[in-house]
Amino acid sequence: MDYLMAFLVGGCICFIGQCLLVLTRATPVQCLVILVILGACLDGFHLYDSLLEISEAGAIIPVTSIGHALVHGAMSEGGGHGFLGIGAGLFTLASTSISVSIVISFGVALLCKPRG
């Protein structure tokens with residue numbers, strides 16, 4: 001049953017992404033950003049945790065988990081340390097590697113001439 005739920009939830013998330021690509025003519029980068037923001041919004045309303053309980057890997061593997069990880073870290077630290085904890089929370093839990101990837105990508109984009 002666990003495999004089935006992981007397949008269904010992960011498949012639904014990927015189906016939403018594919019519909020964004022095909023129906024709205026969005027670029028892959030725009031689709032990526034929309035899915036990350038969707039994961040962040042779901043975690044902001046405490047809905048992503050229940051999705052994780054139902055499907056586990058089906059909700060962790062898609063790109064929506066990046067938004068979940070960033071917001072979850074910021075919310076957990078912000079509750080205990082206030083406004084400055086929100087910034088510190090971005091660098092806790094699983095968000096460390098994600099935040100480093102974002103910072104490095106931004107730096108490379110500043111140094112190189114991106115296309116498109």
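Derivation of every value follows stated rules applied to the coordinates shown; laboratory data play no part. Note that the structure is predicted; figures quoted are calculated from it, not measured. Note that each Cβ is placed from the backbone with ideal geometry, even for glycine, and that neighbours are counted across all protein chains shown.
Results, tabulated for the structure shown:
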| item | result |
| --- | --- |
| Contact order normalised by residue count of the chain, Cα under 8 Å, 6+ apart, percent | 22 percent |
| Alpha carbon Rg of the chain, scaled by the compact-globule rule 2.2 N^0.38 Å | 1.17 |
| Neighbour cut-off at most 16 other Cβ (10 Å), DSSP loop, chymotrypsin sites (Phe, Trp or Tyr not before Pro), the range 1-68 | PHE45 |
